[in-house]
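Report on the following structure.
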Amino acid sequence: MTTPTSPMARPCHPGDPVRWPEGCDRCYGRYEVVTVWQSRGICGYCYQAAKRITGICACGHEGVLPGIIDNRPACRTCSNIKLNVDCKSCGAEAELYSGGRCQRCVLADTIDRLLTNPDTGHMVPELVPVAEALKTMKRPNSGLTWIRQPHVDAFLADLAQHPVISHRLLDELPPSRTLDFVRGLLVEHGALPRRDERLARYERWALTAQARVVVPEHRDVIARFIRWGMLRRMRIMESVPNGTFLRSKQTVTVGIDFCNWLTTHGATLAELNQSHMDAWQAEGPTTRGFVSRFISWTAKAKITTEGITVIPHRRGTSPRLPAAEQREAIDRVVHHDDFSPRDRLAAILILVSVRTSRPSLP
Ligand SMILES: [Zn+2]
Ligand SMILES: [Zn+2]
Ligand SMILES: [Zn+2]
């Protein structure tokens, strides 16, 4: 049993007691009365709101309940109200949206129109279950709001013109939330195989990234590194975690930067020696240490000579006092008479921040 829903009428102005001294008998606002229902004057706001009240009347009828009997919403028959809420297309009793038709009918028509290829008059098989899912969504109102946005309309109309819809086709379209949503529907309804979107994103990213390598020989090494050093492991994961995705991007980015740095210093990976590595690390930020993974891979693949030392970059390696030592140190500072109050406070703050600047294990 559904309880009647009754959206509140929301007048945008406070009413006019001079012009409409009688006012509305339902909301008691001083608004123009547009109709008389059950011998009571009804204002425009209450009239519009009444069309949206749905539920089950005391008589058992389910539908629009514009009347009020014993303080409960009541159907048209019971309250003897004449109101057109019958959809011309499906006959459903609902608030009419446009052309005398309900929201669901208008939504269905819009979807069919957008997802049908105008040249062939057919919908590609992949889009059939998507259309069905959109048409039967719980709140047609939300569907209409979504589909009426110009970018959604344009995206769907464009998609409908492709003879086959595949992940590859979607990958070539500009990324957008609409695309992600539609891809999700295609996968959910079995029109496209399920895949790890993060892995797919990484593969696309890597393809563009490797084009930044200046020397073809190095570009080939980076491509192999991506394939064997990165993707092989990622592909066997059930789903690639975001941390792995980000780290793998960083690893390849630093590898590419390193290759190009070598080129500008007149060397190839085959000629790499320790002094190159030392110079590369000395000249830049400590994140250059992320090259270690690339270098150990190239050494194993006999692309670079073995034994090149890389100072690895470690995340969050600032010194930290164990809790007991910190308490002891604070104790010493607090009870040290030679400290001025200002110095004492500064010392405590430093000790505390040494402790709290690092995340501690539970
Ligand atoms: Zn009213
Ligand atoms: Zn009734
Ligand atoms: Zn309808």
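The values are calculated or read from the model by the stated rules, or taken from the named source; none is laboratory data. This is a predicted model, so every value here is computed, not measured. So basically every Cβ, Gly included, is an ideal-geometry build from the backbone, and we count neighbours across all protein chains shown.
If I filter the stretch 64-72 for residues that are within 16 Å of ligand 3 (Cβ to nearest atom) and either modelled with pLDDT under 95 or surrounded by fewer than 17 Cβ atoms within 10 Å (Cβ to Cβ) (or both), do I get at least one hit? The answer is no, given that none of the residues of the stretch 64-72 is within 16 Å of ligand 3 (Cβ to nearest atom) and either modelled with pLDDT under 95 or surrounded by fewer than 17 Cβ atoms within 10 Å (Cβ to Cβ) (or both). Taken over the stretch 36-50, the criterion of being closer than 16 Å to Val85 by Cα and either more than 45 Å from the chain's Cα centre (by Cα) or part of a strand (DSSP E or B) (or both) is satisfied by Trp37 alone. Taking the stretch 80-94 as the range and being in contact (Cβ under 8 Å) with a residue 40 or more places away in the chain and either surrounded by fewer than 17 Cβ atoms within 10 Å (Cβ to Cβ) or within 16 Å of ligand 1 (Cβ to nearest atom) (or both) as the test, the residues that pass are Asn80, Ile81. Checked against the criterion of being within 13 Å of ligand 3 (Cβ to nearest atom) and aromatic (Phe, Trp, Tyr), the stretch 145-157 has no qualifying residue. Of all residues in the stretch 63-99, those satisfying the criterion of being near ligand 2 (Cβ under 10 Å from one of its atoms) and either within 26 Å of Thr110 (Cβ to Cβ) or in contact with a helix residue (DSSP H, G or I) (Cβ under 7 Å, 6 or more places away or on another chain) (or both) are Gly63, Gly67, Ile69.
Criterion applied to Thr251, Thr244, Thr264, Thr268 was being of a type in the set (Ser, Thr, Tyr) and over 25 Å from Ile308 (Cα atoms), and the one residue passing it is Thr244. Considering Ile256, Ile222, Ile226, which residue is modelled with pLDDT of 95 or more, more than 25 Å from Ala279 (Cβ to Cβ) and part of a helix (DSSP H, G or I)? From the options Ile256, Ile222, Ile226, the qualifying one is Ile226. If you check Gly60 against the conditions, is it more than 18 Å from Trp37 (Cα to Cα), surrounded by fewer than 16 Cβ atoms within 10 Å (Cβ to Cβ) and away from ligand 3 (no atom under 14 Å from the Cβ)? Yes: the conditions hold for Gly60. Do you know which of the residues in the stretch 119-132 that are in contact (Cβ under 8 Å) with a residue 12 or more places away in the chain and in a loop (DSSP other than H, G, I, E, B) is farthest from the chain's Cα centre (by Cα)? Going through the qualifying residues, I end up with Asp119. Could we say that Cys102 is free of Cβ contacts under 8 Å to residues at least 24 places away in the same chain and either within 16 Å of ligand 1 (Cβ to nearest atom) or hydrophobic (A, V, I, L, M, F, W, C) (or both) here? Against the criterion (free of Cβ contacts under 8 Å to residues at least 24 places away in the same chain and either within 16 Å of ligand 1 (Cβ to nearest atom) or hydrophobic (A, V, I, L, M, F, W, C) (or both)), Cys102 does not qualify.
Taking the stretch 161-188 as the range and being under 19 Å from Met137 (Cβ atoms), surrounded by 14 or more Cβ atoms within 10 Å (Cβ to Cβ) and without any contact (Cβ under 8 Å) to a residue 60 or more places away in the chain as the test, the residues that pass are Thr178, Leu179, Val182, Arg183, Leu185, Val187.
With respect to (1) more than 16 Å from ligand 2 (Cβ to nearest atom); (2) at pLDDT 95 or above; (3) touching a His at 6+ places or on another chain (Cβ under 8 Å), the lone exception for Ile111 is condition (3). Pairs are defined by a Cβ separation below 6 Å, a sequence spacing of at least 6 or placement on different chains, a first member in the stretch 43-57 that is more than 9 Å from ligand 1 (Cβ to nearest atom), and a second member that is among the small types (Gly, Ala, Ser); the pairs so defined are Ile53/Ser6; Cys57/Ala74.
Do the conditions hold for Asp158, that is, is it in a helix (DSSP H, G or I) and surrounded by fewer than 13 Cβ atoms within 10 Å (Cβ to Cβ)? Yes: the conditions hold for Asp158.
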